[in-house]
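Throughout, read-outs are computed from the coordinates displayed, never taken from laboratory work. All values reported here derive from a predicted model rather than from experimental measurement. Please note: Cβ atoms are built from the backbone with ideal geometry, for glycine as well, and neighbour counts cover all protein chains shown.
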Amino acid sequence: MTATLTFHPLGNADCTRFDLADGKKLLIDYADMKNRDDPWDRRIDLPAELKADLRAAKRNDYNVVCYTHLDDDHCRGSSEFFWFDHAAKYQSNDRVKIQELWVPAAAILEDGLDDCARVIRQEARHRLKKGLGIRVFSRPAKLKAWLEANGLTLESRAHLITDAGQFVPGFSLFGTERVQFFIHSPFGWRQNDNEVVDRNQDSVVFQATFLEGSRQTHALFMSDIDHESIEQIVKTSKRHKNEDRLLWDIFKVPHHCSYTAIGPEKGVDETKPTDEVKWLCETQGQERHTMMSTSKSMPIKGSDEDKDVQPPHRQASAYYKRVANAKDGQFKVTMDLPSAHKPKPTKIEITDRGARLLTVSATVGTASIVSTPARAG
């Protein structure tokens, strides 16, 4: 089988499922945003959708669940959906189990959390103490102090920690899974410089590289970082001669299509990118790529939504669309596929000719190819 990525229509929120070539299932974020009391809410019933997929696969677990950070739009509803080892109240037969939990170090260290974010933090702490079923990204000084305060050493848990600039252990282009994950963020040094956790900028950013046949296909998942964090990633990658780790055929647009991921000023009709963002988008994006905005539909100029400070921003989408057009690519919005009236999950299939965007027909519910492979030859 070939790998697929499934993006779910959740408004300004994230949940992407990776189905790997060997049958492994990974979930990147989980945010159940649907208001079930509102008959007009077009956001998907995420737990129902995911459980249907698991039933079809005859399983009730994920190999990996990664929380890029613990904002509500990346973790809402997790305490109702998943089995958590640290407390019996989160354990029942209808809950979905997590073989390995991936979190940024900030998810271990942050205090004052509520609701699902707190539950995930407690689970991550529990697993890190046990030394099982956990992967933590970055090792700021505060993590060393936290471990020591809990009678542990950084050395005893080093095998569970992956820093920016490293690959995630257990995944290989030449294994049965045919994928590798390169971590770009968070930076341990950035967290050392800051007293307060900044969830967005301390979130997990990675490049997934898939191998199908002799073709490598790259996906960049940018979480909710802003242009300054992108600049740090680009400069660091160039300094270490890792420019190829920023190649992409699939680009998970940062922060629900916020202009802040492109530059400091929104602009009137198009956001102007910083030099580093321009290089990342315009040089590193491959021909016939796909940019996916996990967001609401773009606002119309002059509308009330257009005046909202929160994303998505049409000025940002204008820039991304221009980038896509220049490479014969496409910019897509999760809440618009296959139609804004009736959005459904969108799949990208990894083939031996590149990435192929599929959608489900809004009328008959069957999958159809809406793009040819990203790179032919």
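Remarks
- Inter-label distance, nm, simple model (7 Å from Cα along the C-beta direction), Asn35/Ala141: 4.6
- For Val268 and Ala52, the FRET efficiency from 1/(1 + (r/R0)^6), where r spans their Cβ atoms and R0 equals 35 Å, is about 0.20.
- A full extension of the chain between Asn93 and Lys278 corresponds to an added length of 61.8 nm, given 0.36 nm per residue minus the alpha carbon distance.
- Taking the Cα centre of the chain as origin and assigning +1 to Lys and Arg Cβ atoms and -1 to Asp and Glu Cβ atoms, the resulting dipole is close to 1040 debye.
- Taking other Cβ atoms within 10 Å as a rough exposure proxy, Met33, Met222 sort from fewest to most as Met33, Met222.
- Compared with the direct C-alpha span, the chain from Lys301 to Met1 gains 103.6 nm at full extension, assuming 0.36 nm per residue.
- Of all the options Ala145, Ala56, Ala106, the one that moves most in a Gaussian network model of the chain with Cα springs shorter than 10 angstrom is Ala56.
- Helix-only [θ]222 nm of the chain, DSSP H runs n ≥ 4, -39500 (n - 2.57) each, per residue, nearest 500: -6500 deg cm²/dmol
- Relative packing of 96-102, 160-166, which averages over residues the other C-beta atoms within 10 Å, highest first: 96-102, 160-166
- Relative contact order (%) - criterion: Cα under 8 Å, at least six apart; region: the chain: 14
- Residue-count net charge about Ile161 - beta-carbon cut-off 11 Å; Lys, Arg +1, Asp, Glu -1: +2
- Unsatisfied cross-links (Cα-Cα over 18 Å) in the set Lys58/Lys89; Lys89/Lys142; Lys25/Lys347; Lys142/Lys238; Lys278/Lys321; Lys58/Lys252: Lys58/Lys89; Lys89/Lys142; Lys142/Lys238; Lys58/Lys252
- Exposure proxy order (Cβ contacts within 10 Å, fewest to most) of Phe18, Phe81, Phe182: Phe81, Phe182, Phe18
- Rounded to 5, percent antiparallel among DSSP beta bridges of the chain: 55
- Listed by Cβ neighbour count within 10 Å, with the fewest neighbours leading, Phe187, Phe210 appear as Phe187, Phe210.
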